[in-house]
Amino acid sequence: MKKVLVTGANGQLGQCIQKISEYYANLEFIFKDSKQLDITNAVEVDTLFTKKKFHFCVNCAAYTNVEQAEKTPDMAFKVNAEGAKNIALACNKYKTTLIHISTDYVFDGEKEEPYSVEDATNPINEYGKSKLQGELYIQEILKKHLIIRTSWLYSEFGRNFYKTILDKAISEKILYVTDAQTGCPTNANHLAKHILETINENEMEYGVHHFTDGHAMTWYDFAKKILLDKQLTGKVELFRAIVCNTNIKRPRNSRLT
């Protein structure tokens with residue numbers, strides 16, 4: 001039976017993996033949240049790997065607060081870069097295959113077409129820079145790795161745009177949402193299934209891959225779709241925001257292919 005470590009288990013993707021883990025009887029899962037495993041502590045990571053001898057590690061642990069990362073980049077780099085490095089070192093030492101989750105924010109968003117894995121990276125904010133550094137550490141340290149870049153994750157778990165729109169639709173009559181960025185909203189449940197199917201089939205192509213649900217839209221379009229799907233369009237008025245309520249640079253085009 002293959003042993004699979006899932007870090008960041010209480011995050012959005014980690015919870016989606018937990019939800020479907022029971023359907024993979026040939027996989028033994030060990031779920032660790034940030035309190036149970038601090039990936040920024042190299043000794044703690046190595047100790048866990050020594051005891052368990054994992055076949056796979058799915059690293060869902062990440063610092064994802066884009067706004068806060070700009071204010072405290074050291075914390076973002078500690079988790080997203082140094083933490084990823086510690087995981088990669090342990091995976092290399094104990095011959096564990098690493099599946100690491102990365103982001104569309106490694107790109108600057110200036111390209112008109114969707115980004116492919118061959119496109120040059122050029123992050124424009126601290127979150128994107130920290131995630132790219134994590135990718136580079138993994139590529140340098142470990143051969144058996146799969147880096148999955150995804151975008152605009154949402155689900156029934158955690159904090160995400162989907163849940164925010166639904167919450168606001170309950171308490172507010174008018175919503176303003178930006179259309180300044182375009183990307184591919186991705187259901188974290190779909191990504192979770194993709195990851196476990198990849199492990200289950202044991203036919204892994206190492207390197208960098210992109211995974212999204214493939215339907216490009218703006219945040220405004222996504223909000224409109226959410227309201228329509230939940231039959232809330234008649235109860236809430238949706239308008240395009242004239243001014244974006246953040247000074248943080250974000251990729252104008254986040255589409256991945």
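Data overview
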quantity	calculated
Residue within the stretch 22-39 that is assigned to a helix (DSSP H, G or I), touching a helix residue (DSSP H, G or I) at 6+ places or on another chain (Cβ under 6 Å), farther than 20 Å from THR103 by Cβ and among the hydrophobic types (A, V, I, L, M, F, W, C) present	no
Scan of the stretch 138-167 for residues that are touching a Lys or Arg at 6+ places or on another chain (Cβ under 8 Å) and surrounded by fewer than 20 Cβ atoms within 10 Å (Cβ to Cβ), ordered by number	ILE141, LYS144, GLU156, LEU166
Counted residues, the stretch 169-190 - those being touching a strand residue (DSSP E or B) at 6+ places or on another chain (Cβ under 6 Å) and outside any loop (DSSP other than H, G, I, E, B)	6
Conditions (1) assigned to a helix (DSSP H, G or I); (2) touching a residue at least 40 places away in the same chain (Cβ under 8 Å); (3) not charged (D, E, K, R); number of the one not met by THR47	(2)
Residue match in the stretch 90-97 (condition: in a helix (DSSP H, G or I) and surrounded by 18 or more Cβ atoms within 10 Å (Cβ to Cβ))	yes
Qualifying residue in the stretch 84-99 (condition: in contact (Cβ under 8 Å) with a residue 40 or more places away in the chain, closer than 30 Å to GLN181 by Cβ and not hydrophobic (A, V, I, L, M, F, W, C))	yes
Complete set of residues in the stretch 151-161 that are touching a helix residue (DSSP H, G or I) at 6+ places or on another chain (Cβ under 6 Å) and outside any loop (DSSP other than H, G, I, E, B)	LEU153, TYR154
Residue in the stretch 108-127 that is touching a Phe, Trp or Tyr at 6+ places or on another chain (Cβ under 7 Å), touching a residue at least 40 places away in the same chain (Cβ under 8 Å) and hydrophobic (A, V, I, L, M, F, W, C) present	no
Filter result for ILE199 (under 30 Å from CYS91 (Cα atoms), modelled with pLDDT of 95 or more and not in a loop (DSSP other than H, G, I, E, B))	yes
Test: residue in the stretch 205-214 that is part of a loop (DSSP other than H, G, I, E, B) and more than 25 Å from ALA62 (Cβ to Cβ)	no
Which listed residue, of ASP104, ASP33, is of a type in the set (D, E, K, R) and crowded, with 22+ Cβ neighbours inside 10 Å	ASP104
Total residues in the stretch 124-165, condition under 20 Å from GLN68 (Cβ atoms) and in contact with a strand residue (DSSP E or B) (Cβ under 9 Å, 6 or more places away or on another chain)	12
First in the stretch 51-70 and farther than 14 Å from ARG149 by Cα, second anywhere and among the acidic types (Asp, Glu) and assigned to a helix (DSSP H, G or I), Cβ under 7 Å, 6 or more apart	ALA69/GLU126; GLU70/GLU126
Some residue of the stretch 4-12 being touching a residue at least 60 places away in the same chain (Cβ under 8 Å), within 17 Å of the chain's Cα centre (by Cα), part of a helix (DSSP H, G or I) and within 15 Å of ASN189 (Cα to Cα)	yes
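Quick grid of which residues meet (1) polar (S, T, N, Q); (2) touching a helix residue (DSSP H, G or I) at 6+ places or on another chain (Cβ under 6 Å); (3) on the phi > 0 side of the Ramachandran plot:
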site	(1), (2), (3)
THR178	yes, yes, no
ALA188	no, yes, no
PHE222	no, no, no
LEU227	no, no, no
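The values are calculated or read from the model by the stated rules, or taken from the named source; none is laboratory data. Model, not experiment: these values are computed from the prediction. FYI the Cβ positions are ideal-geometry reconstructions off the backbone, even for glycines, and counts take in every protein chain you see.
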